[in-house]
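Novice: Below are the structure tokens for one structure; questions will follow.
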Amino acid sequence: MEWEKIAEKLRDMIMGEIKEEFKEFRASVTGELSGFRIALEALIARQNSMENEIKELRKAIDETNKRIDELRIELKTEIMKNTERIDETNKRIDETNKRIDDTNKRIDDTNQRIDELYLISSHIRTDLNKALSEKKVIDDMLTRIQRLEEKVAI
């Protein structure tokens with residue numbers, strides 16, 4: 001029986017130490033788990049914050065994409081309007097160029113007539129100078145004939 005008492009005392013001692021170590025181990029694990037819980041809660045809070053930021057970013061991206069689409073439509077509309085204006089301007093330019101071409105043709109025709117009239121007037125001037133020269137000769141001859149008549153009449 002003494003052995004039983006000794007064994008029981010040993011068992012109680014060992015169990016006491018094991019219980020004490022288990023309490024310390026448990027406290028240590030509980031502390032570490034609390035630290036992990038705090039870290040995990042901080043990570044979860046950060047993840048939630050990041051998810052909110054991502055949602056806000058997605059919302060901002062969606063709004064930006066919507067505005068880009070609106071601007072694209074506005075730009076297409078403006079481009080179409082400007083294309084129409086350019087087409088109208090090109091049409092007016094073509095019409096103006098046609099009028100200029102017509103005017104240039106009339107100017108060319110007028111210049112040709114002026115050249116023809118210049119040639120005609122040059123011939124007339126030559127003929128006139130010739131006639132005037134001949135008139136001088138005729139006038140001179142008439143004057144001489146009159147003088148001769150006057151001398152003969154005397």
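Novice: Taking θ as phi - 60°, what are the ³J(HN,Hα) couplings along the range 128-133 by the Karplus curve (6.51, -1.76, 1.60), each to the nearest whole Hz, with x for Gly and Pro?
Specialist: After applying 6.51 cos²θ - 1.76 cosθ + 1.60, I find 5, 4, 5, 5, 4, 4 Hz.
Novice: In cubic angstrom, how much convex hull volume per residue do the alpha carbon atoms of the range 1-111 span?
Specialist: Per-residue hull volume (Cα only) is 137 Å³.
Novice: Right, here's the next one. Residues with beta-carbon under 13 Å from that of G31, excluding G31: net charge, scoring Lys, Arg +1 and Asp, Glu -1?
Specialist: +1
Novice: Roughly how many whole Å is it from the C-alpha centroid of the range 119-154 to that of the range 1-73?
Specialist: Result: 139 Å between the Cα centres.
Novice: Oh, and also: So, how do all the Cα-to-Cα distances of the range 76-154 break down into 10 Å bins, in percent, from 0 on up?
Specialist: Going from the shortest bin to the longest, the percentages are 15, 16, 14, 13, 11, 9, 8, 6, 5, 3, 1, 0.
Novice: Count the lysine pairs in the range 66-154 that are 8 or more places apart or on different chains: how many have C-alpha atoms under 30 angstrom apart?
Specialist: Final tally of qualifying lysine pairs is 8.
Novice: Can you tell me the dipole magnitude for the range 64-154 around its Cα centre, using point charges on the Cβ only (Lys, Arg +1; Asp, Glu -1), in Debye to the nearest 20? Don't skip to the end; give the middle numbers.
Specialist: Values: 20 positive and 21 negative charges, 35 e Å.
Result for the range 64-154 is approximately 160 debye, rounded to the nearest 20.
Novice: Choose one of I120, T143, S133: the residue whose Cα lies farthest towards the positive end of the charge dipole of the range 107-154 (beta-carbon charges +1 Lys, Arg; -1 Asp, Glu; about the Cα centre).
Specialist: Of the listed residues, the answer is T143.
Novice: Let me ask something additional. Give me the net charge for the shell around S49: Cβ to Cβ below 11 angstrom, other residues only, Lys and Arg +1, Asp and Glu -1.
Specialist: Result for the local shell: -1.
Novice: Just subtract the alpha-carbon distance of S34 and N82 from 0.36 nm times their residue separation and send over the number in nm, one decimal.
Specialist: 10.3 nm
Novice: In deg cm²/dmol, rounded to 500, what helix-only [θ] at 222 nm does the chain give when every DSSP H run of at least 4 residues adds -39500 (n - 2.57) and the total is split over its residues?
Specialist: Working: 1 runs with 152 residues, N = 154.
That comes out to -38500 deg cm²/dmol.
Novice: When all alpha-carbon pairs of the range 4-52 are counted, what percent fall beyond 15 Å? Please report the intermediate quantities before stating the final value.
Specialist: Details: 747 of 1176 pairs.
Percentage above 15 Å: 64.
Read the figures in this text as sums done on the coordinates, not as results from a lab. Predicted, not measured: the structure shown is a model, and the values here were computed from it. As a convention, Cβ positions derive from the backbone with ideal geometry for all residues, glycine included, and neighbour counts pool all protein chains shown.
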